[in-house]
Amino acid sequence: MIQISNVKIDLDDDRDIAIRKQIEKIVSGRPFNYRIVKESIDARKKPIKFVYQVYVETDNEDSIIKRDKNVIKVSEYIKKETIKGSTKVNGRVAVVGLGPAGLFAALELARNGYRPVVFERGKDVIRRKGDVENFWETGTLNPESNVQFGEGGAGTFSDGKLTTRIKDKRVDLILRDLHFFGADEEILFANKPHIGTDVLIDVVKKIREEIISLGGEVRFDSRVDGLNISNGELKGLIVNGSEFETNAAILAIGHSARDTFEKLHSSQVMMTSKPFAVGFRIEHPQVVIDKSQYKELYQHPKLRAAEYHLTHQSSTGRSCYTFCMCPGGMVIGSSSEPEMLAVNGMSYNARNLENANSAILCSVSAEDFGKDILGGIDFQRRIEKMAYEMGGGDYLAPVQLVGDFINKRESRSVGTVTPSYKPGYRFARLDRIYPDIITESISEALVHMGRKLKGFDMEDAVLTGVETRSSSPLRILRNENHQSVNVKGLYPSGEGAGYAGGIVSAAVDGLKTAEFVICEFSL
């Protein structure tokens, strides 16, 4: 099989016909089969083009490779059978958490006959959806069922983004599974694939049903309160006050399980603090982003809602960047603790709402929160408490216009951007919530990014506070086999453990962790 890159077609071309014509030229009339493996948009100059990478099967492939620099030899990734280990499992293998890492770890274990038991502190995704929507409408927070906790993890209420920088071949397996369980076929080749919250909810439910059909068990409203450790070995989990016997547990708790982090720390599970990033959500009219990216073709029916990713190295020495950009989406409340306010972004599959939003973040490290292992959590909590108070309580979000933030003045009214956050907002001085070095870094980044993307620093773009949950503030230490460095049988995994960032990388990490468990333990 060969891969042909840089196949460009016009916006108004019939995709299949145009791609076939270009392949026919390269294979010199030989019969062939093809499939798209990547689609992107080149809007850097006129005319805007769709650009494809395709896999092609045909005759005499080696001779084609020699003639064209855009053609290389490739082979499909086929997952090998994982050889089962010899250590006996006491009870059943446990998976703690049902976010992407936990879902795909449990699925892999179930497919290999291990009948895992999954403990999820939150609710199933349908009941969870009701609690989340009630919070957005009324400001009534359920600390155990919210945007952070429950089936599917934090990514369920986002945009279902599937972009990742990791090169692991298992990425293809994750995408194929997500498609099999209901995601659009487009995720298999889109350059920046996404599922959308509305579709992802059903996908997550179907994966859970598959785990159960293969002999696994999923227990909701089941919080792991502690570990039974003896002589450096895991003996069991304390779940809702009772012990579950096991000597093999995958810990996929997500980046916001702060109480669990504290209990692991008190149990002397080795971990360390790590850098992360904090900032705000920024909202623009989606049409402003579309015009900036696509120019006069911004209304072309084949062009999706435009995206962006911007970075800036501030003169303060801090890195600033946009993160988790949600075209045609909304800013959402993502709090998980009482009287602390955190926000995130979300899009539905269609990405057709009025506003675009993204996080604009600044890096933080031990110089901001100290050397204490739990210092990052304390820092997040202080900022979230201040944001809650700035909003006036009841989880109203503090907002400030970009021009006012840069010029350090109070906002008094909105302009062309109506904040999308529910249950509501209140004007506040967001330029006072972070230490000065962070505020100065973000202010500088806004102006710099406005030079790269026209309209990004528009005066009446809206900043909503605060975004503090971009990644885990700590890392649970593990060895090359994903096992805790000081607790045998405990396998930290995913974003919460500090080894992933996003749905796909967390899912891949969960899958790999399950493979290591299978290699160690027998049925």
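No lab work stands behind these numbers, since they all come straight from the coordinates. Just so it is clear, the model here is predicted, and its values are computed rather than measured. Glycine also receives a Cβ, built like all others from the backbone with ideal geometry; neighbour counts cover every protein chain displayed.
Quick look at the numbers
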item	result
Cleavage-rule hits, chymotrypsin sites (Phe, Trp or Tyr not before Pro), the stretch 28-125, DSSP coil, Cβ neighbours within 10 Å at most 13	Tyr77
Charge context of Arg127, other residues only, Cβ under 10 angstrom, K/R +1, D/E -1	-1
Backbone N under 11 Å from the Asp42 label point (7 Å along Cα→Cβ), restricted to the stretch 63-92	none
Residue-by-residue Karplus 3J(HN,Hα) for the stretch 237-249, coefficients 6.51, -1.76, 1.60, Hz, glycine and proline x	10, 8, 10, 6, x, 10, 8, 10, 6, 6, 10, 8, 9
Asp12-Glu389 FRET efficiency (beta carbon distance; Förster radius 56 Å; 0.05 resolution)	0.55
Value of relative contact order over the stretch 276-467, rounded to a whole percent, pairs C-alpha under 8 Å and six or more apart	30 percent
Other-chain or far-sequence residues with amide H under 5 Å of Met271's (modelled H)	Leu477
Quarter of the Cα convex hull surface for the stretch 2-73, i.e. its orientation-mean projected area (nm²)	4.7 nm²
Cleavage-rule hits, trypsin sites (Lys or Arg not before Pro), the stretch 115-213, DSSP coil, Cβ neighbours within 10 Å at most 14	Arg165, Lys167, Lys169
Value of Rg to Rh for the stretch 43-164 (Rh from inverse mean 1/r over Cα pairs, i.e. Kirkwood)	1.19
Sparsely packed GluC sites (Glu not before Pro) within the stretch 284-369, loop by DSSP, other Cβ within 10 Å at most 13	Glu339
Cut-off under 5 Å, modelled amide H: who pairs with Val7 long-range	Tyr52
Theoretical ellipticity at 222 nm over the chain - DSSP helices of four or more residues, -39500 (n - 2.57) apiece, nearest 500	-9000 deg cm²/dmol
Backbone HN-Hα couplings from phi across the stretch 325-331 [Karplus 6.51/-1.76/1.60, Hz, Gly and Pro as x]	6, 10, x, x, x, 8, 8
Amide H partners (placed H, <5 Å) of Val37, local residues excluded	Gln53, Val54, Tyr55
Neighbour net charge for His448 - beta-carbon separation under 15 angstrom, K R +1, D E -1	+1
Highest average packing first - 287-294, 479-486, 89-96, Cβ atoms within 10 Å	89-96, 287-294, 479-486
